[in-house]
Amino acid sequence: MKKLLTALALAPMLLVGALAHAQGHSDKETKADIERHRAMAAAHEAAAKCLESGKGHDVCQKELQTACKGLGIGKYCGMRHAH
């Protein structure tokens, strides 16, 4: 749980890094990147709330995978951490 919250806390820093990297992109591409990052952050926040509610890791992981479909690389929505 604490690792997930730590990962969520790092999300704004990742967004800043992505925005810095996006300087070579067009405005349209940059806006699309911003929206994807916001959607991934919202999905991870929902996963944290799911865990807090006591639903269990497997249930929350499946919800995260559904929310992130098409957003991040792999089945962990662009982020993976150790358990």
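The values are calculated or read from the model by the stated rules, or taken from the named source; none is laboratory data. Source: prediction; values computed, not measured. Note that each Cβ is placed from the backbone with ideal geometry, even for glycine, and that neighbours are counted across all protein chains shown. We work out accessible area using only protein heavy atoms, side chains counted, and drop any ligands, DNA or RNA first. Shrake-Rupley method; radii C 1.70, N 1.55, O 1.52, S 1.80 Å.
How much accessible surface area, in Å² rounded to 10, belongs to the heavy atoms of HIS25 with a 1.4 Å probe?
Probe radius 1.4 Å; accessible area of HIS25 about 70 Å².
Using the basic label-point model (7 angstrom from Cα toward the beta carbon), what is the ILE34 to VAL59 distance in nanometres?
Result: 3.6 nm between the two label points.
What distance in nm separates the simple spin-label points at ASP27 and THR66, each placed 7 Å from Cα in the Cβ direction?
For the pair ASP27/THR66, the computed spacing is 3.8 nm.
Give me the accessible area of GLU52, 1.4 Å probe, in Å² rounded to the nearest 10.
GLU52 exposes around 120 Å² with every protein chain in place.
ASP27: accessible area at probe 1.4 Å, nearest 10 Å²?
Number for this one is 120 Å².
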